[in-house]
Amino acid sequence: MRHLIGMDDLSIADIDSLIATAEDIIANPKKYSEVCRGKKLATLFYEPSTRTRLSFEAAMMELGGGVLGFSEAQSSSAAKGESVADTAKVISCFADIMVMRHFKEGAPMVASLNASVPVINAGDGGHNHPTQTLTDLLTIKREKGRLTDMTIGLCGDLKFGRTVHSLITAMARYAGIRFVLISPEELKIPDYIKHEVLDRNAIPYEETTDLEAVLSSLDVLYMTRVQKERFFNEQDYIRLKDSYILTPLKLAKAKADCSVLHPLPRVNEISVGVDADARACYFKQVLCGKYIRMALIKMLLEAKEKEEA
Ligand code: NCD
């Protein structure tokens, strides 16, 4: 059974094929409107979500399939103490594919080991968020025309930001990529990403606390929210939450073709004044998320059918 738990579950060829399918869906949506007729997608969300859950639901609907699920742990049997493993077995009786977001790192992996249908990780604690990364890759490909040879600045909460961890893991596999990691000292990228992804693959990167000093070197600027829900101490969150605020004045220092991405939701990291700038891609990015999820659902269901044939 094929699942998507982390970006390492996909080869470069898989990613290229998902991007090609998403581009074809964008060009010919009607061609895909029946490909999941009679299939059901279950969304199991133990943590808040707007974009990820609704884009998965919209994606399945636009493929002609149906959706079911829950959007908070309290309304599911998790509130009665059911394990993720048991829930995965139960949902396998109702749905053809399931998407799980969980506050615990590794929960979707546990689900995948117990499910008899494909499981997609929609964010596990501060760990990974592979479908956001597929969204980011499609956005970068559409904006830049390539996924190679560029300097990517990641700014904000690099410690707890799961989208950052998955994006670095994916982009590190493309040629000519350089990272600039911009964060407060307390929110630096975890050592395991540094050692196992960056150093192991000899990927050039620099760490800095100063966004303005590096802005002019970036081809992509990936802003992130300080992850309030992962802090142990509210005082630390309050002290760090507004570490970086991208304004039109600061953006004036960036390259004319720098693409500004953000997985959203934004809090204060990008002032609304930036939204009208042609370099602001974060709302286009949301739409890319729906199309790449359509491509992913189609790919995993086809793989499952092949296996069963
Ligand atoms: C991200 C997440 O859930 O990790 N949101 C999303 O899915 N687009 C980013 C965030 O919450 O900051």
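The values are calculated or read from the model by the stated rules, or taken from the named source; none is laboratory data. As the structure is a computational prediction, the values presented were derived from the model and not from experiment. Because the Cβ atoms are built from the backbone with ideal geometry, glycine has one as well, and the counts that use them run over all protein chains shown. Protein only, heavy atoms only, side chains kept; ligands, DNA and RNA dropped before computing areas. Shrake-Rupley method; radii C 1.70, N 1.55, O 1.52, S 1.80 Å.
Across segment 217-234, in residue order, what do the Karplus-derived ³J(HN,Hα) couplings come to in whole Hz, using 6.51 cos²θ - 1.76 cosθ + 1.60 with θ = phi - 60° and x for Gly and Pro?
Karplus values, whole Hz, x for Gly and Pro: 8, 9, 8, 10, 10, 9, 8, 9, 7, 6, 7, 3, 5, 9, 7, 8, 9, 4.
If amide H atoms are built 1.01 Å from N in the plane of the peptide, which residues on other chains or at least 5 residues away come under 5 Å of the amide H of Ser259?
Amide H to amide H, under 5 Å and 5 or more residues apart or across chains, Ser259 pairs with Val220, Leu221.
Is the C-alpha gyration tensor of segment 124-222 telling us rounded, prolate or oblate? Criteria: a/c under 1.5 is rounded; beyond that, a/b larger than b/c is prolate, otherwise oblate.
Cα axes put segment 124-222 in the rounded bin.
Over segment 110-261, what is the percentage of antiparallel beta bridges among all DSSP beta bridges, to the nearest 5?
Around 5 percent antiparallel, to the nearest 5.
Once you sort the root eigenvalues of the Cα gyration tensor of segment 31-81 as a ≥ b ≥ c, which label holds: rounded (a/c under 1.5), prolate (a/b larger than b/c) or oblate (the other case)?
Note, shape of segment 31-81 comes out oblate.
At 1.4 Å probe radius, can you tell me the per residue accessible area of the chain in Å²?
Accessible surface, normalised per residue, equals 42 Å².
With θ set to phi - 60° and the Karplus curve 6.51 cos²θ - 1.76 cosθ + 1.60, what are the ³J(HN,Hα) couplings of segment 182-194 in order, to the nearest whole Hz, using x for Gly and Pro?
In residue order, the calculated couplings are 10, 7, x, 3, 6, 10, 6, 4, x, 4, 5, 6, 4 Hz.
Quick check for me: using +1 on Lys/Arg Cβ and -1 on Asp/Glu Cβ, what's the dipole size of segment 170-309 about its Cα centre, in debye to the nearest 20?
420 debye
Could you check what % of the DSSP bridge pairs in the chain are antiparallel, to the nearest 5?
Here the share of antiparallel DSSP bridges comes out near 5 percent.
Quick one: Karplus J couplings for segment 198-213, per residue in order, coefficients 6.51, -1.76, 1.60, θ = phi - 60°, nearest Hz, x for Gly and Pro?
Using θ = phi - 60°, the values come out as 6, 5, 4, 9, 6, 8, x, 8, 10, 10, 8, 9, 10, 4, 4, 5 Hz.
If you add up the charges near Glu186, with Lys and Arg at +1 and Asp and Glu at -1, over every other residue whose beta carbon is less than 10 angstrom from its beta carbon, what do you get?
That works out to 0.
Take the alpha carbon gyration tensor of segment 222-291, find the square roots of its eigenvalues, order them as a ≥ b ≥ c, and report rounded if a/c is under 1.5; if not, report prolate when a/b exceeds b/c, else oblate.
oblate
Over 29 Å between C-alpha atoms is what I'm after, so list which of Lys159/Lys298; Lys30/Lys284; Lys80/Lys194; Lys194/Lys241; Lys104/Lys188 land there.
Over 29 Å Cα-Cα: Lys159/Lys298; Lys80/Lys194.
What is the gain in length, in nm to one decimal, between Asp236 and Lys250 on full extension, counting 0.36 nm per residue of separation less the C-alpha to C-alpha distance?
Computed gain between Asp236 and Lys250 is 2.5 nm.
Would you mind finding the longest exposed-site-free stretch of the chain, with exposed chymotrypsin sites (Phe, Trp or Tyr not before Pro) meaning DSSP loop and at most 15 other Cβ atoms within 10 Å?
Answer - 104-231.
Which whole-angstrom value gives the distance between the alpha carbon centres of segment 1-66 and segment 264-285?
Measuring centre to centre over Cα atoms gives 24 Å.
If amide hydrogens are placed 1.01 Å from N in the peptide plane, which non-local residues have theirs closer than 5 Å to the one on Ile97?
Lys40, Ala42
Count neighbours as other Cβ atoms within 10 Å of each site's Cβ, and list the trypsin sites (Lys or Arg not before Pro) in segment 157-209 that are DSSP loop with at most 13 such neighbours.
Sparse-neighbourhood loop trypsin sites (Lys or Arg not before Pro): Arg200.
With a 1.4 Å probe and every protein chain kept in, tell me what percent of the accessible surface of the chain is carbon plus sulfur.
Of the solvent-accessible surface of the chain, carbon and sulfur hold 52 percent.
Determine the distance separating the Cα centre of segment 74-94 from the Cα centre of segment 152-216; give it in Å without decimals.
Here the answer is 35 Å between Cα centres.
Note down the Stokes-Einstein diffusion coefficient of the chain in µm²/s, whole number, using a Kirkwood radius over alpha carbon pairs, 37 °C, and 0.692 mPa s.
Roughly 166 µm²/s, to the nearest whole number.
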